[in-house]
Structure formats: C-alpha cells, structure tokens
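Take a look at the structure set out below.
The values are calculated or read from the model by the stated rules, or taken from the named source; none is laboratory data. Keep in mind it's a predicted model, so treat the numbers as computed, not measured. Using ideal geometry, Cβ is built from the backbone for each residue, glycine included, and neighbour counts are taken over all protein chains shown. Just the protein is used for accessible areas: all its heavy atoms, side chains included, with ligands, DNA and RNA removed. Shrake-Rupley method; radii C 1.70, N 1.55, O 1.52, S 1.80 Å.
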Amino acid sequence: MAELLHGIGVSPGSAAGPAYRMSPPPPTPEPTTVVDLDAEVDRAVTALESVAADLSRRAEGVAAGAAADVLRAQAMMAQDPELSAAVVAQVRAGTSAPVAVDRALAVHRQAFQAAGGYLAERVTDLDDIRDRTVAACLGLPPPGIPDPGHPFVLIARDLAPADTAGLDPEQVLALITEEGGPTSHTAILARAAGLPAVVRCPGATTVADGVEVTVDGSTGQVAVGVDQDTVTATRVAEQRRRRRLATTRGPGRTADGHPVALYGNIGSADDVDGELEGVGLFRTELLYLDRSDPPGRDEQIAAYAEVFTALPGRRVIVRTLDAGADKPLPFLAAGEEPNPALGVRGLRLARRRADVLHTQLEAIAQAARDTTAEVWVMAPMVATVAEAAWFADACRDVGLPTAGAMVEVPAAALRARALLSAVDFLSIGTNDLSQYTFAADRQCGDLADLLDPAQPALLELIAGCAAAGREAGKPVGVCGEAAADPRLAPVLVGLGVTSLSMAPRAVPEVREALAAHTFADCRRLATEALSAGDTTQLTVT
C-alpha cells in the first residue's frame, strides 16, 4: 500500500513517475595548510567569478521573466565586491580557498537571516552560491538536477533559482521539496513553468531513487510506492485536464457573466502570451540588474515599447522600479540598513534618487505615446496617502494619466479609501502583504501556514481595499501569487476584486474556476472565508 506524504500544493496539476533526488552539495571543506597565498587568492576569486559567469549564462539561456530575474539577482550576489573581499581576507589570514568561501558565505548567511524579510528569503540563494563555489574550488561538479535518462519527479530539500530555472519540463514531471513555502522561488518558478509542485513536504528526501510516486500540486498530497495502474490513471487524468484547459478562451467571467479581468505577470516582451487580456504586472527590474549605471531614457523607451507593441489596444500596468532589499542595485548606493526589508525599497528609493524614477516615468510615457496599448503605472511599497499623491502627480506631469498604488503593507490596506482619493486604482501584492501582516518570513517553512493567502486576516485587508474601490468607482486588482490559485480566485472575486494577474500559464485554470461559479456563489464563498477560524475551514465547492 502506498505511503502518503502531505505538503503544501503550490502549483496545480498532477503527475506520476519515478522519483529522483537532487545531487548532493560538496562536502564541508577541511582546513589545510596554505603554502602560496597569492595562488590561493586567485583560486578563490576565480571560483567566484566562474560561478557568477555561469549564473549569468543560465539567465541568458532561459526564457526571460521570473526565472531570468532571479538568476541575474543571484549572479549579482556572487559578484558582490564585499563577498569577494571577505573571501580574500580569509585567505590572507591563512585559510584555504574552499574554507574561505565557506566561512565568508556563512557570515553573509547569518546577516541575511538576521535581517529577515526579503534578505532572509535569499538564504537559499547564498547556500547555492556557496555549494557551487566550493565545488569549483575543489574541482568537483556543482550540485544539480539528476539525469536518469527518462522523465522523473524531482525531490530536493529545497531548490535554488539556478536549479529551478534550468528545469526541462519534458524530463521533470513535478517538484517536491521538504522546505520552502507558498511564495518561495520554487513555487513561483514552478507555476511559471506549469509544473505541479508540492513544498514543505516532510519526509520527501527519504524517498529512494526510482520509487514510483504521484504528486497532486493542488492538494499537496504525495503518494509513495504506487502501482503502475495508479501511475497510468494519474497521467491519463492529467492529460485530460490539460486538454480541457487548452480549449478555454475568452475573457474571465463567472458562470452568470460577471466580468473579471485575467491579466499576466511579465518581465519583458518574451513573456507576453498573445491570448492575454492584458498585463497586470510588468516588472521593470530586468532593465536595471547587472549594471553600475541606470539604463538611459532611450534604452528604456525601446524596452517598454516592445512590450506595449505586443499588446495593441490592451491594458498594460507597469510597476516602476522595485529595487532594494533582495534586489540591491550598485548605482543606488543604499548603504547599510538595519533591516533592508523594512528600509529604502520600492517607491522609497525616490527619496534618494528621484531622478531615476522621473527618467523611468518619462520613458514609459514616451513609449505609451508611440504605441496603442492602454498604459497604466503603479508604484511599489506605498505606505501613505502623501506618497501616493506625490507619485500620481509625478505620473501626470509626464503625461501618464492613470496612476495607481500597490498595496503591500498593512498601512496602505487600512487607508485604502484615502489612497483612492489620490490614485486611480489599487493593485494588491499578496506576497508582501502576507509577510508584513503576519510578521512571517516568506522563506521560513515553519511559518508556511501563516503565509497561506486564505488566512482570514489577509482576506479582511483585501476586502477592505475592494470595498474602498467600489465606493470610489475605481478598480482594485490582485497581482500576488494568490491570484494564481484557482481555489482562491472565486473568493477574491466575491470580496470585490475586479482583476487577477498571474503567471500566464496559470490563466486557463483560474478562468475555468471562475466559470464554474456564479457571482452569488463567489460572494457566499467570500463570506465563509472571512468568517473561517483558520484556512483549513476554507472549501470551495
């Protein structure tokens, strides 16, 4: 009889096949006597440079979007001059290259964990850099994806962006990790790739290689040691599901015709799907990464116009530069912050470099004039009405008539009515809003239940924003990972949300979920969700 494991389903769909575990990291290096300090410094620095170069190549080799973004950010970590200086200092003190790398990154890891928030989320990235660099120092192959020669289900303690981004969906059937949470990189990139995924699944890494398993990315259930009939039945059911979803077309709406715009989250024109109604989150950070100076006005105009041209006549909501915290940019020179997740990030960067924001707004406005897309602009990390009003004025000064604010901190949600007196729309980023509402780090697996977007406290904040939108006659959307959850989509619509924006691959399943419920059903489900004692009581039927 099959053994059942239970985790958190973060990317819908089912899969069945033999399980294989990630290749292990290199062993912890043992201290050795260093004879030639200069040669050892070269060995360490060369290893860091090779890892950074490899991550950059991987970023160029995958489709642009979430995968490319996180790989570039990770490459920047490996290129950090402070990290290199720390490694060199360790070597100069008589430590071998692999030990120096291990110790220097251990210090960085501790600092990231102590900072909490976004930096704590990047601990997995640092661990991956450490493993790759130590392996390079020792002349060993880096840890990575197994290659059994046939399709398989991948099991890991956790997955670094470099691993997840390079997955071949023709070979990897599904993902299972023992760590992570619903808004971790593994979850986000699995949804973007359309792979069923279960995270925070205790006991997963004890499954022996080659054992047949089934994975349900919706319920989080993993069955270990299933027979061939179960494998076949699971695959047939998944094929039918995919064929059914492939036939869904048209705008989002409930069974009785209540409209709900279904938008895509993108990072560049490469992510645009011709079937999209529009874009609810155009992340612009890709242009700014890996640079010592900000991109010029003309370069930005060309990049934005490429996206707008791909969506003629359709709405594109552009998020202005969301840097800081886990996405430090050298030219912004933010300096030391006691807690970067609560520091100068998002719109707050304009307090130091207003010129960067103004150049971006001018470029967006010019690209909008040169194309036919309906361009809206929104600012990240808005906390006060004054910030929202300042941003809206800056947009209108350059000819962008529709300005909005992202709701990512509780202060913005609680003041939604006042915010809508200054801006034209709100977009709720549920990933950050969950994190800040529950004081729960997105990468802390022990707190994954607090980051479930069905938590009543989070839903109350969303309901308040939606009510403010109804009163003001202005749209309120959701662009966080909650929007991609077909279980939650009817609830969000019942709360009054007017649009949902997600990874393009998630749109068909969400469209189908909405089409199965009337608007009255959605309102009933929303009422039940708000009154639930906890998320385990939420059942969408």
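Using C-alpha pairs under 8 Å with a sequence gap of at least 6, the mean separation divided by the residue count of the chain gives a relative contact order of 16 percent. Based on DSSP H segments of at least four residues, each scored -39500 (n - 2.57), the chain has a per-residue ellipticity at 222 nm of -13000 deg cm²/dmol. Counted over the stretch 78-216 with a bin width of 5 Å, the fraction of Cα pairs per bin, in whole percents, is 2, 9, 17, 19, 17, 14, 10, 7, 3, 1, 0. With a 1.4 Å probe and every protein chain kept in, tell me what percent of the accessible surface of the stretch 174-255 is carbon plus sulfur. After summing per-atom areas, the C and S share lands at 51 percent. For the stretch 388-477, what log10 I(q)/I(0) values come out of the Debye formula at q = 0.16, 0.17, 0.22 1/Å, with one point per alpha carbon and no solvent? Listed by q, the Debye log ratios stand at -0.63, -0.69, -0.97.
Normalised Debye scattering of the stretch 161-320 at q = 0.10 Å⁻¹ gives log10 I(q)/I(0) of -0.54, counting only Cα atoms as equal scatterers and leaving out solvent. With only Cα atoms counted, the stretch 341-494 has Rg and Dmax values of 16.0, 49 Å. log₁₀ I(q)/I(0) of the chain at q = 0.06, 0.08, 0.09 Å⁻¹, via Debye over equal Cα point scatterers, no solvent, to two decimals? For the requested q values the scattering log ratios are -0.29, -0.52, -0.66.
Under unit Cβ charges (Lys, Arg +1; Asp, Glu -1), what dipole magnitude, rounded to 20 debye, does the stretch 84-199 have relative to its Cα centre?
Values: 8 positive and 13 negative charges, 96 e Å.
Charge dipole of the stretch 84-199: 460 debye, to the nearest 20.
Excluding ligands, DNA and RNA, what is the solvent-accessible area per residue of the chain at a probe of 1.4 Å, expressed in Å²? Roughly 39 Å² per residue, with all protein chains present.
Taking amide H atoms as placed 1.01 Å from N in the peptide plane, list the residues 5 or more away in sequence, or in a different chain, whose amide H sits under 5 Å from that of Met378. Amide H neighbours of Met378: Val318, Arg319, Thr320, Gly404. Across the accessible surface of the stretch 467-510, with the other protein chains kept in place and a 1.4 Å probe, carbon and sulfur atoms take up 51 percent.
Can you check what the Kirkwood hydrodynamic radius comes to for the stretch 446-524, Cα pairs only, in Å to one decimal? Let's see the in-between values first.
Working: mean 1/r = 0.0776 Å⁻¹.
After inverting the pairwise mean of 1/r, the radius is 12.9 Å.
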